[in-house]
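Inspection log for the structure reproduced underneath, given as structure tokens.
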Amino acid sequence: MVILAVAGLLFSAAGTGAAAPSAWRYTMVAFSNDSDRDMDVYASSDGTDFTALQTSAYRPPSGVVRDASIFRHTDGMYYVTYTTGGGANIGFARSSDRVNWTFLQNFPIPFCCAFLPGTGAGTGSASPPGFSGSAGFSDGPSLSPFTTKAWAPEWFVEGDRVSIIVSLSSGGGFVPYLMTAMDPGLRMWSFPVPFVGIGADHIDTTVVKVGPTYNAFTKNETRKIIEHWTAPSLIGPYTFVPTRDFGPLKEGPAVIELPDGTWRLYYDDYTDRKYFYSDSTDGLNTWSEPQELPGVSDTVRHIGVMREPA
């Protein structure tokens with residue numbers, strides 16, 4: 001952590017007083033409608049028009065590479081984390097050039113969700129007493145502490161702290177959890193801690209910070225829509241914010257800030273095999289009419305996007 005902190009300070013100091021970059025580049029990672037075994041990489045100069053930088057850029061040793069999220073670490077390397085499809089594991093890979101990727105590890109997350117409200121799988125009775133089944137009753141807490149699914153991990157970086165927001169389930173509804181890196185190589189992670197306020201039956205959670213406020217965008221798995229929640233800290237407590245209706249049957253939100261301060265939300269219209277984006281110019285309060293993402297809309301699934309100086 002000391003090395004990571006020093007690297008972060010050096011990175012921040014290097015930018016102090018420097019002029020804003022005149023050009024930016026955007027990197028998108030995604031699996032496709034045709035294959036979830038391979039991760040494709042796309043590039044753009046404006047966050048709208050993406051072209052393939054490298055298709056089939058990365059295939060993990062086993063499993064799938066769904067729901068990838070990308071960021072550039074203080075060591076100059078690009079890192080992705082992704083859904084492996086292998087139960088209670090999330091995958092990691094890294095690259096120096098965004099084209100050639102090296103598998104790092106599948107990280108196990110064996111425990112989650114026990115005793116949290118709304119996480120039961122409905123295999124027991126409607127209410128206690130007398131419920132049965134390891135996952136509890138439908139509206140109550142899961143009785144099993146064992147993770148069955150670890151999906152849709154998302155990077156969240158604040159200062160020198162690198163974290164992952166991951167959706168976990170022990171047989172019932174998904175719950176957003178936070179894990180924080182315990183080493184600069186991003187191989188060791190803290191025990192997962194559940195978000196406060198958002199609750200069960202939410203997946204694909206991603207967070208951006210605007211001023212002092214943490215903004216979570218997440219898919220409500222019951223209603224199949226994308227929701228907006230806010231909190232004074234990363235872990236919560238989160239409060240629901242009414243916003244534009246991005247449903248139904250939408251998932252995979254990814255949010256970035258454009259150079260002019262506009263916020264852009266990308267999301268997956270998965271049943272129609274299309275991808276859309278919508279912009280907010282007033283700090284995530286109101287959103288523009290969604291537009292189909294040109295060129296890649298009928299190809300990409302659950303993207304991750306990052307922006308950096310060109």
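No value in this document is a laboratory result; all are computed from the given coordinates. This one's a predicted model, so the numbers in the text were calculated from it and none came from an experiment. When we count neighbours, we look across all protein chains shown, and the Cβ atoms used for this are built from the backbone with ideal geometry, even at glycine.
Net charge near residue 38: determine it from the other residues with C-beta under 14 Å of the C-beta of residue 38, scoring Lys and Arg +1 and Asp and Glu -1.
Net of charged neighbours comes to 0.
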Relative contact order [Cα under 8 Å, 6+ residues apart], region 175-217, whole percent: 34 percent
Rounded to the nearest whole Å³, what is the per residue volume of the convex hull around the Cα atoms of region 23-68? 74 Å³
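With +1 on each Lys and Arg Cβ and -1 on each Asp and Glu Cβ, and nothing else charged, work out how big the dipole of region 147-261 is about its Cα centre, in Debye to the nearest 20.
Values: 9 positive and 12 negative charges, 49 e Å.
Dipole about the Cα centre, nearest 20: 240 debye.
Once you charge only the Cβ atoms, +1 for Lys and Arg and -1 for Asp and Glu, what is the size of the charge dipole of the chain about its Cα centre, to the nearest 20 debye?
The calculation lands at about 660 debye.
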Under-5 Å amide H pairs with residue 149, H placed in peptide plane, nonlocal only: 169, 171
With a cut-off of 8 Å between alpha carbons and a minimum separation of six or more residues, what is the relative contact order of region 159-310 in percent? 13 percent
Put +1 on the Cβ of every Lys and Arg and -1 on every Asp and Glu Cβ in the chain; which of 246, 291, 60 then has its Cα farthest towards the positive end of the dipole? 60
Grab the Cα-Cα distance for residue 72 and residue 45, subtract it from 0.36 nm times how many residues apart they are, and report the gain in nm with one decimal. 8.0 nm
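Cβ under 11 Å from residue 54's Cβ, residue 54 left aside: what net charge do those residues give with Lys, Arg +1 and Asp, Glu -1?
Net charge in that neighbourhood comes out at -2.
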The chain: angle of helix 2-15 to the longest principal axis, Cα-based, in degrees nearest 10: 40 degrees
25 °C / 0.890 mPa s Stokes-Einstein diffusion coefficient of region 226-287, Kirkwood radius on C-alpha pairs, µm²/s: 194 µm²/s
For every helix of n ≥ 4 consecutive DSSP H residues, a contribution of -39,500 (n - 2.57) applies; sum these over the chain, divide by its total residues, and give [θ] at 222 nm rounded to the nearest 500 deg cm²/dmol. -1500 deg cm²/dmol
Please state the Cα pair-distance histogram of the chain with 20 angstrom bins from zero: what percent is in each bin? 33, 60, 7, 0
Euclidean distance between Cα centres, region 212-253 to region 162-191, Å: 18 Å
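Given an 8 Å cut-off on Cα distances and at least 6 residues of separation, report the relative contact order of the chain as a percent.
Reported relative contact order: 15 percent.
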